[in-house]
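To start, the structure itself, in structure tokens.
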Amino acid sequence: MTHYLNRIAEDLFKAKLENYWPGFELVAYALYDKKNVYLFNHPKFSNNQQSTYHILSWDVQFTGDTIILYEEYPTAIVNMESYEEYEGLYSILVHELFHGYQYIKGEKRFPDEMMGITYPLSKDNVELRNQERTNLYSALLENNIIKKKQYLNNFIALREKRTAKIKEYLTYEKLIETVEGPAWYVELKAYSEKSPHDYHSVLKKYGQQLLNKYESTSSIRRSCYSSGLFMCLLLEELSPGWMESFLV
């Protein structure tokens, strides 16, 4: 995967990230393997060319795909060995870079993670939640405006019904959707741009996680990523320009 290093730097430079989100600013980022860390765009190092990277020895700070404060500066990190195809590596890096952008913009709408531990997995809530997610998926893919509105109305009604039952736990879901949905949104945009598959196929690929009933029950937090993504995509369709004030 090291042969992709210069290509990634060039792609991020050319795109300027604004193709994915207005005002998207590039923080530092690092791609790593078991031995080395390839660090880009970090203010601690003089770097006049964005294609230049600094090689560091790997240490435990660089674990997983996430955002860290490396030398007190937000840095997106991605394990190169986890991805076989360029589009997967590139898009997850854009995802983590967006979290870095959220950090510098002062995003504070984070959930209380203790809520996830006590989340009520009652039969009623699980069934309503799966119906809600199916209607959200159908609303995005439906081309008939009348049917699309019906799916949206069903989604809203189901969410209101669940809100009455679980209250603060629905707030927990919404906050995850607020923080992670946009990150998945820019990830999908980046993936679609680099993928050999058409946009509709990419959309269905990401939609499988929204429709996965096992994941929607076994991993409440992660399942909110896909619902947040589909809300972002619906906003893009129904309310152009919604991103302009989302992080303000």
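The values are calculated or read from the model by the stated rules, or taken from the named source; none is laboratory data. Remember, predicted model here, so these are calculated numbers, not experimental data. Ideal geometry is used to build each Cβ from the backbone, glycine not excepted, and the neighbour counts take in all protein chains shown. Accessible surface is based on the protein model in full, side chains and every heavy atom, while ligands, DNA and RNA are left aside. Shrake-Rupley method; radii C 1.70, N 1.55, O 1.52, S 1.80 Å.
Scanning segment 1-42 for residues that are open to solvent by 80 Å² or more (accessible area, probe 1.4 Å) and among the polar types (S, T, N, Q) gives a single hit, Asn19. Within segment 182-203, residues that are more than 15 Å from Gly100 (Cβ to Cβ) have Cβ atoms under 7 Å from residues that are acidic (Asp, Glu) and assigned to a helix (DSSP H, G or I) in these pairs: Tyr191/Glu87; Lys194/Glu87; Ser195/Glu87, counting only partners at least 6 apart in sequence or on another chain. I'd like to check which strands (runs of 3 or more DSSP E) are fully inside segment 1-78 and have at least 2 residues that are at pLDDT 90 or above and among the small types (Gly, Ala, Ser). Strands (runs of 3 or more DSSP E) meeting the threshold: 28-32.
Scanning segment 90-118 for residues that are assigned to a loop (DSSP other than H, G, I, E, B), open to solvent by 70 Å² or more (accessible area, probe 1.4 Å) and not acidic (Asp, Glu) gives Lys108, Arg109, Phe110, Thr118. In segment 1-34, how many residues are touching a Phe, Trp or Tyr at 6+ places or on another chain (Cβ under 6 Å) and of a type in the set (D, E, K, R)? Here the count works out to 2.
Annotation: of all residues in segment 137-154 being over 12 Å from Ser216 (Cβ atoms) and hydroxyl-bearing (Ser, Thr, Tyr), the one that is least open to solvent (accessible area, probe 1.4 Å) is Ser138. Screening Leu121 on (1) open to solvent by less than 80 Å² (accessible area, probe 1.4 Å); (2) of a type outside the set (Asp, Glu); (3) outside any helix (DSSP H, G or I); (4) under 27 Å from Tyr214 (Cα atoms) shows it passes everything except condition (1).
Here is a list: Glu87, Glu127, Glu81. Which entry is in a helix (DSSP H, G or I), free of Cβ contacts under 8 Å to residues at least 12 places away in the same chain and open to solvent by 20 Å² or more (accessible area, probe 1.4 Å)?
Working: Glu87 fails: free of Cβ contacts under 8 Å to residues at least 12 places away in the same chain; Glu81 fails: free of Cβ contacts under 8 Å to residues at least 12 places away in the same chain.
Matching residue, one of Glu87, Glu127, Glu81: Glu127.
Within the set Lys174, Lys123, Lys194, Lys167, the sole residue that is of a type outside the set (Val, Ile, Thr) and on the phi > 0 side of the Ramachandran plot turns out to be Lys167.
Please work out which one of (1) within 30 Å of Tyr83 (Cα to Cα); (2) at pLDDT below 95; (3) crowded, with 17+ Cβ neighbours inside 10 Å is the condition Thr134 fails and give its number. Status for Thr134: all satisfied but (2).
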